[in-house]
Amino acid sequence: MKENEIKKYYLKKITEFETHNKLYFQKSNPKISDHEYDKLKKEILDLERKNSFLKSDSSPSNSLGYAPSKNFVKSEHRVKMLSLSNAFDSEDLGNFEKKIFNYLNKKIEVEYSVEPKIDGISASLTYKNGLLVLGTSRGDGNIGEVITENLKTILDIPQKITNKDFPKDIDIRGEVFIKKKDFNLLKNNFANPRNAASGTLRQKNPNQTKKIPLNFVAYTYGYFENKTIKKQSEFLNSLKKWGFKISEHNKILNSIKDLINFHKKFEHERFDLEYDVDGLVYKINSLELQKRLGFTANSPRWAIAHKFSADSAYSKVTDIDIQVGRTGALTPVARIKPVNIGGVVVSNATLHNEDEINRKDIRIGDTVKIERAGDVIPHVILVDLKKRDKKSKKFVFPDNCPSCGSDTIKEFNKITKKFDAVRRCTNEGFDCEKIAIERIKHFISKEAMNIDGFGKKVVENFWDLNLIRLPQDIYNLDYSKISNLEGWGQLSVSNLKYSIDQSKKVSFDRFLYAIGIRHIGLENAKLLAEYTKSIKNFMSFIKKNNINEFLNIDGIGDTQINSLKKFFNNKLNYTVIEKLSKILNISDLKLNKNGKLQNNTFMFTGKLLNMSRAEAKSLIENNSGSVVSSVNKRLKYLIIGDKPTNRKVQKAKELGIKVLSQKEWLNLLN
Ligand code: IVH
């Protein structure tokens, strides 16, 4: 990359960094996980290291956090509140130690104070003559917000300390956090416990802060008058003596190897803790050595945070629920003890299907490893068999639908010659409650009827209130009832009414998709709509029991035909469509009916030259012809490309169907 390109890229990353800082520090509402944030920071720092011409005031090498919020009085920290650099693996740890040796210019035996890195927000408490006189947030590391009154509402924070050896003037620093169990009660308002702690602590009104049980664990100091203490571990013990809470998991280790082993062990154990921990902090235990090593721009040379992998965590399966989907698929879902995975609290994990549960032998009560990557639904990676209770029993998958009690089956797949992994409810209609709800959710969705303001939650809510049972009920809602519901104002009700009315005008193919017939997705709905042209025509195919004729459509096969048959075998499904087609204005498919190829049917065999099948198909359709997929009397032309299927050509000849080469066919079109 050229210098100006590198600069451009660097500035792009800096802008991203600024945005996320603002979201995190000022709004307490991060949009990326901690892991992603750390990666971004590391990328910027790496770029700066490799390219000395890169510089920015907003670089993580200059700033510690974001400017404090405008809502609070500010106070300059007497000693900067620094951040820690991160290590993700043994190589990073090796480098950390190497740098220390380089700095000291010799190899030494190092003793480390190891402390869990509690995932909350840091605070500094200034005590003068044993009295808590000032409490601040970190702010940008230099200047913090004065939140003394809010901090005083935290029971773990002593307001008066009478021990004789308590320093006359000291800043005690530590982490404010919320316990997982308390967060559970607030989880609808915050993304994770750390945001809950940050949001609560920085309330303007301390009475609001008091309502939420915050905790404080102390781990370091800022200003320290007449310090006589020699080791970090000694300081931690003193903190305890003075009445502060310290972590019960603090310990002393002597080598990188031991640190790595402890990290491995602790990564498994951390989910048993009452609070979220996102890594371990290793600090050189000797305060004298700490002093010698000092700081780089914003982090100490004598400490490092060894992060846990962000995208997986261990937790306990508290229950296994079976969800029923729109197409009747039974999906087992593990309810797990809430666990923070990369900044998101996860309390459910999909178990995919019956086979997956059996294969991994996942049981209620098991400790499992859960992975969450990007937007993928969290899922179970493995079971920690060592932690399994001896009395635990194999999970028995239900034979009947948990929603409607119908039989369930695993279908036989003719192609793979195997039974499906998925078990399904055999109910084809709206009288399976769960299927009905899911079908309505599908009906209103963006790609279907696209009813704005009518989300999945609204469907569930209206269902519970008995306002909807079938899709057509959406067009017959009692709006006066809705405007009396909590969360619904005049404006939102009139917006909902507007988007419901708007949705009444719909194209035929969208409507076919919206019905939610299994195996009839957007593509197939379009194929069926193109073939039958109008809902009226489509329904007369159904009425006359002519579903098999759809086999003529290139792209529609046995799977779709069987699904359509099953669907329309159910009387209620049929009447739902009849009712909807009266309420809605379903527009016929506008196709060019007067093209050169009108009333002509085509079929392809063999590979075409310089043209895909899809292009060939649309060429025919744009000229009013249609493409079918089997050789029968209805077929007018068979177009042969390279290496055609002889059987098809033979049959066409037998039936007197015209056989054209690609060139001859294109000549028809001129
Ligand atoms: S020491 C200069 N010890 O991690 C030393 N920090 O990225 C800086 N944290 O802002 C702090 N547990 O919010 C220290 N045992 C611990 C910690 C800890 C959590 C947080 C703290 C700090 C951040 C550093």
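Setting aside same-chain residues fewer than 8 positions from Lys544, which aspartates and glutamates have a Cα under 18 Å from its Cα?
Within reach: Glu578.
Rounding to the nearest 10 and keeping the result within 0 to 90°, find how far the Cα-based axis of helix 90-104 lies from the longest principal axis of the chain.
30
If you take every DSSP beta bridge fully contained in the chain, what fraction is antiparallel? Give it as a percent rounded to 5. Kindly include the intermediate steps, with their values, before the conclusion.
Working: 76 of 92 bridges.
Roughly 85 percent of the DSSP beta bridges within the chain come out antiparallel.
If amide hydrogens are placed 1.01 Å from N in the peptide plane, which non-local residues have theirs closer than 5 Å to the one on Val346?
Residues meeting the amide H criterion: Val339, Asn340, Ile341.
So what are the radius of gyration and Dmax for the Cα set of region 108-215, in Å?
Radius of gyration, then largest Cα-Cα span, for region 108-215: 15.3, 51 Å.
Could you give each residue of region 216-227 its phi-based ³J(HN,Hα) in whole Hz, using Karplus coefficients 6.51, -1.76, 1.60 with θ = phi - 60°, and x for Gly or Pro?
Using θ = phi - 60°, the values come out as 9, 10, 8, 8, 8, 9, x, 5, 8, 6, 6, 6 Hz.
Would you kindly derive the ³J(HN,Hα) couplings of region 536-545 from the backbone phi angles with the Karplus curve 6.51 cos²θ - 1.76 cosθ + 1.60 (θ = phi - 60°), listing them in order in whole Hz, with x for Gly and Pro?
Calculated HN-Hα couplings, in order: 4, 5, 4, 5, 6, 4, 5, 4, 7, 6 Hz.
So, in Å, what gap is there between the alpha-carbon centers of region 237-264 and region 71-90?
20
What does the net charge come to around Ile547 if you take all other residues with beta carbon closer than 13 Å to its beta carbon, with K and R at +1 and D and E at -1?
On the way: positive: Lys543, Lys544, Lys565, Lys566; negative: Glu549, Asp558.
That works out to +2.
With 28 Å as the limit, write out which pairs from Lys31/Lys204; Lys265/Lys316; Lys241/Lys316; Lys74/Lys99; Lys414/Lys526 have Cα-Cα distances beyond it, or answer none. Don't skip to the end; give the middle numbers.
Numbers: Lys31/Lys204 24 Å; Lys265/Lys316 17 Å; Lys241/Lys316 35 Å; Lys74/Lys99 36 Å; Lys414/Lys526 26 Å.
The answer is Lys241/Lys316; Lys74/Lys99.
Helix 571-583 against the longest principal axis of the chain: what's the angle in degrees, Cα atoms only, rounded to the nearest 10?
Roughly 90 degrees between the two axes.
Among the listed pairs Lys80/Lys106; Lys22/Lys55; Lys593/Lys643; Lys164/Lys283; Lys80/Lys128, which have their C-alpha atoms separated by more than 22 angstrom in this model?
Values: Lys80/Lys106 29 Å; Lys22/Lys55 20 Å; Lys593/Lys643 33 Å; Lys164/Lys283 27 Å; Lys80/Lys128 19 Å.
Violating the 22 Å Cα-Cα cut-off are Lys80/Lys106; Lys593/Lys643; Lys164/Lys283.
If each of Ser624 and Asp46 carries a label point 7 Å out from its Cα toward its Cβ, how far apart are those two points in nm?
6.2
Order these peptides, 150-158, 392-400, by their mean beta-carbon neighbour count within 10 angstrom, highest first. Could you put the intermediate results ahead of the total?
Numbers: 150-158: 19.3, 392-400: 12.1.
Descending mean neighbour count gives 150-158, 392-400.
P(r) for the chain: what percent of alpha-carbon pairs falls in each 10 Å bin, starting at zero?
3, 12, 17, 18, 16, 14, 11, 6, 3, 1, 0
Compute the long axis of helix 256-269 from its Cα atoms, compare it with the longest principal axis of the Cα atoms of the chain, and write down the angle in degrees, 0 to 90, nearest 10.
Between the helix axis and the principal axis of the chain, the angle is about 60 degrees.
Scan around Tyr221 for amide H atoms under 5 Å from its own, H built in the peptide plane at 1.01 Å from N, and keep only partners 5 or more places away or cross-chain.
Residues meeting the amide H criterion: Arg173.
Quick one: 3J(HN,Hα) in Hz for region 165-182, Karplus 6.51/-1.76/1.60 with θ = phi - 60°, rounded, Gly and Pro as x.
Result, ordered by residue: 8, 6, x, 5, 9, 8, 9, 9, 10, x, 10, 9, 8, 10, 6, 4, 5, 6 Hz.
Non-local amide H neighbours of Lys245 (under 5 Å, H modeled in plane, Pro and chain starts lacking H): which ones?
The answer is Ala218.
What's the center-to-center distance, using Cα atoms, between region 564-619 and region 390-451 in Å?
Computed from Cα coordinates, the inter-centre distance equals 28 Å.
Let me check I've understood the local charge: for Phe412, count other residues with C-beta under 13 angstrom from its C-beta, Lys and Arg +1, Asp and Glu -1. What total comes out?
Numbers: positive: Lys410, Lys414, Lys417, Lys418, Arg423, Arg424; negative: Glu411, Asp420, Asp558.
So the environment of Phe412 carries a net charge of +3.
What is the sum of charges around Pro158, taking Lys and Arg as +1, Asp and Glu as -1, for the other residues whose C-beta is under 11 Å from the C-beta of Pro158?
Numbers: positive: Lys152, Lys160, Lys245; negative: Asp156.
Spelling it out: positives minus negatives among the neighbours equals +2.
Ranked by accessible surface with a 1.4 Å probe, highest first, in what order do Arg292, Arg439, Arg326 come?
Arg292, Arg326, Arg439
Just grab the label-to-label distance for Ile542 and Lys291, each label 7 Å out from Cα along the Cβ direction, in nm (one decimal).
8.5
The values are calculated or read from the model by the stated rules, or taken from the named source; none is laboratory data. Everything numeric here is computed off the predicted structure, so don't read it as measured data. Glycine also receives a Cβ, built like all others from the backbone with ideal geometry; neighbour counts cover every protein chain displayed. Keep in mind that these areas ignore ligands, DNA and RNA; they rest on the heavy atoms of the full protein, side chains included. Shrake-Rupley method; radii C 1.70, N 1.55, O 1.52, S 1.80 Å.
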